[in-house]
């Protein structure tokens, strides 16, 4: 697919890297020629230096025959104009824009072909907020992914010594929970993937990813880790877009405190929050954390836009007694250094955003794409189409489908019914099939598997 990306910042650069690795024809536009040169030196992409919303710059980037434009600069206005120009002058079929401001996103009437022709709006801040909120709502989870509008979840947990299923074969889980169907999609042991079989034994400290209907998640987690106490007290470092959104979302259910060093932003937080408390100061100030009762905090969330501040404040919070620490880290090189030591969960805004964007780039009818394990693995939700004559999956049982190596079907959603994957389950047209891939390089094979033959059309 020929794709133009406007903006070579963290999101745009990471997106270009992932899309280029999947054999797409990528052209990246940015005003920073040094940044473009750096990316071009290590990626197989084209670059154009200039303002991404200017017609001449888009023309030089090949907008006349581009299939998609993705505008992800830091400016909402530039992103919107780029989509407008691409549609009006070049008739670019699909236009995706990063829009951060609530004042725009709440006015849905703006985004239509008669006004501002944007097909998909991406808000990284909202996506990250949702991801962190799911982690807090589900104590003990490492990652929580929603499928089929939340009816099915894929949850990653660390198995703990003494939990009922630790030391047991996976086949035992159905005996222990006859009324709660689940499927273990993958196990990572010392960072290496294990494809789960019935005789696979769960060991302490395994990262276990399982799929279950939403109402059965807590029961399955209890088998893997024991029962985690619900969180009550949440402290947020950083009152920016993400921190404020999270505080507003959670203040009615949790005791929320937000630390913000800028006085004007702190005042705004005080006005916006009805139950939460805004504290002015630095999140790496030991005395401030102690006076805010960090030792009684269930979850400390470091959500500033500075990786170093997030890491240092998280380490300090953990040492001072915070039960769990969730840290926003943009630089992937930092994640491997800190996660699992004193920082419990590192959240990558780029990977969260890219998963959402890939949903619209991938071939086949994908409704959800999530990146896991620092981008090495993927979870996919794909709609099956066709019939037995033109599809490799429809009209076949799961046991008959030849999946790529390392791929696991976890569940099928059929209307309001959730069918956990077993060999005898028959795939029907319109089913939402949820897959787990331990190696994302196999994604193209999955796409081909779900593509229908010409007779379908």
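The values are calculated or read from the model by the stated rules, or taken from the named source; none is laboratory data. Values in this document were obtained by computation on a predicted structure and should not be read as measured data. Heads up, the Cβs are rebuilt from the backbone with ideal geometry, glycines too, and the neighbour counts pull from every protein chain shown.
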Query - Sole exception among (1) at pLDDT below 95; (2) crowded, with 20+ Cβ neighbours inside 10 Å for residue 82, by number - result: (1)
**Report entry** Residue within region 106-122 that is closer than 30 Å to residue 144 by Cα and buried (at least 22 other Cβ atoms within 10 Å of the Cβ) present
**Finding:** yes
Query - Among the candidates 303, 316, residue that is surrounded by fewer than 23 Cβ atoms within 10 Å (Cβ to Cβ), more than 28 Å from residue 185 (Cβ to Cβ) and outside the structural domain of residue 187 (by TED's automatic domain parsing) - result: 316
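Each row is one residue, and each column tells you yes or no for (1) more than 19 Å from residue 354 (Cβ to Cβ); (2) surrounded by fewer than 15 Cβ atoms within 10 Å (Cβ to Cβ); (3) outside the structural domain of residue 9 (by TED's automatic domain parsing); (4) at pLDDT 95 or above.
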| residue | (1), (2), (3), (4) |
| --- | --- |
| 27 | no, no, no, yes |
| 39 | no, no, no, no |
| 42 | no, yes, no, no |
| 58 | yes, no, no, yes |
| 71 | no, no, no, yes |
| 74 | no, yes, no, no |
| 86 | yes, no, no, yes |
| 93 | yes, yes, no, no |
| 100 | no, no, no, no |
Query - Qualifying positions in region 238-260 - crowded, with 18+ Cβ neighbours inside 10 Å and over 22 Å from the mean Cα position of the chain (by Cα) - result: 251, 254, 255, 256, 257, 258, 259, 260
Query raised in the report: Under the condition of being out of contact with any helix residue (DSSP H, G or I) (no Cβ under 7 Å at 6 or more places or on another chain) and in a loop (DSSP other than H, G, I, E, B), which residue from region 408-421 is modelled with the lowest pLDDT?
Result: 416
Report task. Sort out for me the strands (runs of 3 or more DSSP E) sitting completely within region 143-237 that have 1 or more residues that are crowded, with 20+ Cβ neighbours inside 10 Å. Result -> 152-158, 182-189, 207-213, 233-237
Query raised in the report: Here is a list of conditions, (1) crowded, with 22+ Cβ neighbours inside 10 Å; (2) not in a strand (DSSP E or B), and residue 434 meets all of them except one; can you say which number that is?
Result: (2)
**Report entry** Matching entry among 97, 86, 82, 63 (being in contact with a helix residue (DSSP H, G or I) (Cβ under 6 Å, 6 or more places away or on another chain) and within 21 Å of residue 126 (Cβ to Cβ))
**Finding:** 97
Query - Failed item in (1) under 30 Å from residue 158 (Cβ atoms); (2) buried (at least 22 other Cβ atoms within 10 Å of the Cβ); (3) at pLDDT below 95, with residue 136 passing the rest - result: (3)
Query raised in the report: Which condition does residue 410 not pass, out of (1) touching a strand residue (DSSP E or B) at 6+ places or on another chain (Cβ under 8 Å); (2) surrounded by 15 or more Cβ atoms within 10 Å (Cβ to Cβ); (3) more than 30 Å from residue 242 (Cβ to Cβ), if it passes all the others?
Result: (3)
Query raised in the report: Hey, does region 357-371 have a residue that's farther than 21 Å from residue 137 by Cβ and out of contact with any helix residue (DSSP H, G or I) (no Cβ under 9 Å at 6 or more places or on another chain)?
Result: yes
